[in-house]
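Note sheet for the following structure.
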Amino acid sequence: MFADGNLTTAKRFLSGEKTMHIKDVCIEIVNKLDKSDKVLHYSSIIQEFSDNIEDFLNILLDTFKEVGEDIVFKNENRYNINKYNLKMIVEISKVIQTALMKIKANCNLNAVLDYLLLGILEVKFKCQK
């Protein structure tokens, strides 16, 4: 997904130390973002990737897709899937895709990050099991 079928881009992603850091942050968001008081914390961490914000959003989208796969196949090794259901994954994916469109439209990074993180929390609250 995040390489859009481009082998050179995929190779750069897979070999990049920054990509691994982005993936670690995405996993942390999936597993630990559960209250609004964490939004500021994660927003400041994500700002480290301001030069690669589209890459970050694509990797976050892929990470949530992996959570969806883990829910379907009942694989609890990587993510805390007990906090999610498939409806949440679909709605969170829509929030991430909207954030990606806002970034491409040159919206303010802080506003987009607030929309993204608060949107994820809102979906988790509305779609609780």
- Message: Condition first: touching a Lys or Arg at 6+ places or on another chain (Cβ under 8 Å), at pLDDT 95 or above and not basic (Lys, Arg). Can you find one or more residues in the stretch 69-77 that meet it?
- Response: no
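Conditions (1) closer than 27 Å to Ser50 by Cβ; (2) out of contact with any strand residue (DSSP E or B) (no Cβ under 6 Å at 6 or more places or on another chain); (3) of a type in the set (Val, Ile, Thr), marked per residue:
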residue: Asp70; (1), (2), (3): no, yes, no
residue: Asn75; (1), (2), (3): no, yes, no
residue: Ile89; (1), (2), (3): yes, yes, yes
residue: Ile92; (1), (2), (3): yes, yes, yes
residue: Gln97; (1), (2), (3): yes, yes, no
residue: Ile103; (1), (2), (3): yes, yes, yes
residue: Val112; (1), (2), (3): yes, yes, yes
residue: Tyr115; (1), (2), (3): yes, yes, no
residue: Leu118; (1), (2), (3): yes, yes, no
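Tell me which residues, restricted to the stretch 65-79, are among the charged types (D, E, K, R), over 18 Å from the mean Cα position of the chain (by Cα) and over 15 Å from Asn31 (Cβ atoms). Write out each step before concluding.
To start, the set of residues in the stretch 65-79 that are among the charged types (D, E, K, R) comprises 65-66, 69-70, 74, 76, 78.
From what's left, over 18 Å from the mean Cα position of the chain (by Cα): 74, 76.
Matches in the stretch 65-79: Lys74 only.
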- Query: Has the stretch 34-50 got any residue that is open to solvent by 30 Å² or more (accessible area, probe 1.4 Å) and within 10 Å of the chain's Cα centre (by Cα)?
  - Reply: no
- Looking only at residues in the stretch 11-23 that are at pLDDT 65 or above and more than 14 Å from Asp51 (Cβ to Cβ), which one is surrounded by the most Cβ atoms within 10 Å (Cβ to Cβ)? Lys23
- Item | Qualifying residue in the stretch 97-118 (condition: farther than 16 Å from Tyr42 by Cβ, of a type in the set (Val, Ile, Thr) and open to solvent by 70 Å² or more (accessible area, probe 1.4 Å)) | no
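The values are calculated or read from the model by the stated rules, or taken from the named source; none is laboratory data. Just so it is clear, the model here is predicted, and its values are computed rather than measured. Every residue, glycine among them, receives a Cβ derived from its backbone with ideal geometry; neighbour counts consider all protein chains shown. Keep in mind that these areas ignore ligands, DNA and RNA; they rest on the heavy atoms of the full protein, side chains included. Shrake-Rupley method; radii C 1.70, N 1.55, O 1.52, S 1.80 Å.
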